[in-house]
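First up is the structure itself, then whatever we jot down about it.
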Amino acid sequence: MNMKPLKGQHHVSAITANAQKNYEFFTRILGMRLVKKTVNQDDTTMYHLFYADERGNPGTDLTFFEIKNAGRTYRGTDSITCTFLRVPSDESLLYWKKRLSEQEVLHGEIREANGKKMLFFEDFEGQRLALISDQNNKGVKGGKPWDRAAVPPNHGIIGLGPVMLTVSELGPTANLLTEVMEYRRIGEYSLDEDTVVVFETGEGGNGAEIHIKESHDLPKQRPGRGSVHHVAFRVENEDELRNWVRKLKELRIASSGFVERYYFKSLYFREPNGILFELATDGPGFEADEPFEQLGEKLALPPYIEDSREEIEAKITPLDTKSE
């Protein structure tokens with residue numbers, strides 16, 4: 001089957017136990033825009049919040065499910081262990097180191113690995129994140145920061161960078177990436193005495209790389225607040241997604257089949273170590289039901305659950321996200 005290459009990261013979805021604090025952290029400290037306040041379509045009792053660039057361009061979204069009773073994460077392998085966020089330049093990292101210190105956010109030192117400068121930090125729930133400089137980046141273009149954000153546009157977050165996986169067995173995951181998903185294995189680097197293997201797709205660059213560490217010493221991660229639920233990769237359109245549905249079926253790889261998410265169309269499956277992967281279309285996008293200026297201000301519900309709005313709103317805690 002003649003498939004187009006995947007285009008890179010689409011979004012990363014993680015877990016929070018506190019939507020209000022999560023909103024304050026990612027908008028007021030990190031300067032991302034909340035482009036959609038909706039609910040988990042598979043469990044409408046929990047929020048699903050989308051933070052991104054000015055309009056939620058594909059490849060810029062970091063999303064969170066609010067699970068109020070989520071326990072702590074017991075870190076381990078067979079999990080997504082760091083989400084990188086792209087910033088424009090090396091100078092931006094100096095700005096961010098100062099900002100994170102002033103905001104009392106746990107962070108490390110600016111360091112260089114794989115030819116890129118980066119700054120690791122954690123949110124208030126231990127979500128592992130890193131800022132990565134796009135100064136020497138070639139490949140998938142970043143997005144555009146919102147001009148009303150809390151961070152100057154010249155230092156604002158412009159999208160998702162590499163996603164780091166830690167797996168107990170590298171071989172099967174590498175095989176899936178290269179033989180099924182058509183990624184290219186392009187090299188490796190050292191990070192804290194670990195070897196990280198780099199894979200890329202499409203145009204390559206920070207927005208299209210997967211970084212994988214292999215660990216035989218860690219137990220399997222027990223997820224909770226501060227963990228990542230899944231990573232999604234970009235496909236161009238619905239026709240291409242349906243080609244992927246057919247391809248996985250032919251290869252006898254268990255999947256969700258085609259799933260309608262309204263803002264995009266999806267397909268879910270697990271890689272051999274159990275990490276959840278999603279393929280998602282670039283469109284229609286977040287302005288399907290809200291104008292650009294009001295993105296994220298009201299609870300948005302896809303048409304197929306709009307009839308249940310009263311019941312849904314009764315089960316979630318109000319969250320004030322109107323722009324100031």
Residue satisfying all of: in the range 215-232; farther than 20 Å from residue 193 by Cα and of a type in the set (S, T, N, Q); surrounded by the fewest Cβ atoms within 10 Å (Cβ to Cβ) among these = 221
Return yes when residue 320 is within 19 Å of residue 49 (Cβ to Cβ) and either surrounded by fewer than 15 Cβ atoms within 10 Å (Cβ to Cβ) or touching a residue at least 12 places away in the same chain (Cβ under 8 Å) (or both) and no when it is not.
-> yes
Name the pairs whose Cβ atoms lie under 6 Å apart, with the first residue in the range 70-95 and touching a residue at least 24 places away in the same chain (Cβ under 8 Å), the second acidic (Asp, Glu) and surrounded by 20 or more Cβ atoms within 10 Å (Cβ to Cβ), and 6 or more positions between them or separate chains?
-> 86/134; 88/134
Kindly list the number of the only condition in (1) in contact with a strand residue (DSSP E or B) (Cβ under 7 Å, 6 or more places away or on another chain); (2) closer than 26 Å to residue 172 by Cα that fails for residue 286.
-> (2)
Return yes when residue 129 is touching an Asp or Glu at 6+ places or on another chain (Cβ under 9 Å), crowded, with 16+ Cβ neighbours inside 10 Å and either hydroxyl-bearing (Ser, Thr, Tyr) or under 24 Å from residue 222 (Cβ atoms) (or both) and no when it is not.
-> yes
Six or more apart or on different chains, Cβ under 7 Å: which pairs go from a residue in the range 120-133 that's among the hydroxyl-bearing types (Ser, Thr, Tyr) to one that's surrounded by fewer than 19 Cβ atoms within 10 Å (Cβ to Cβ)? Could you list them?
-> 133/89; 133/90
Members of the range 10-47 that are among the hydroxyl-bearing types (Ser, Thr, Tyr) and buried (at least 17 other Cβ atoms within 10 Å of the Cβ) = 13, 16, 23, 27, 38, 44, 47
Kindly provide the set of residues from the range 289-316 that are of a type outside the set (Gly, Ala, Ser), assigned to a loop (DSSP other than H, G, I, E, B) and surrounded by 11 or more Cβ atoms within 10 Å (Cβ to Cβ), ordered by number.
-> 289, 290, 295, 297, 298, 301, 302, 316
Residues of the range 66-113 being within 20 Å of residue 142 (Cα to Cα), under 21 Å from the mean Cα position of the chain (by Cα), in a helix (DSSP H, G or I) and aliphatic (A, V, I, L, M), in sequence order, are 93
Reported set for the range 139-192 where residues are outside any strand (DSSP E or B), within 17 Å of residue 204 (Cβ to Cβ) and among the aromatic types (Phe, Trp, Tyr) is 183
Read through the list (1) touching a residue at least 24 places away in the same chain (Cβ under 8 Å); (2) closer than 19 Å to residue 17 by Cα, then give the number of the only condition that residue 106 fails.
-> (1)
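Taken together, the values in this text are just the output of simple stated rules run on the coordinates, not laboratory data. What you are looking at is a predicted structure, and each value in this text was computed from that prediction instead of being measured. Reconstructed Cβ throughout: ideal geometry from the backbone, glycine too, with neighbour counts over all protein chains shown.
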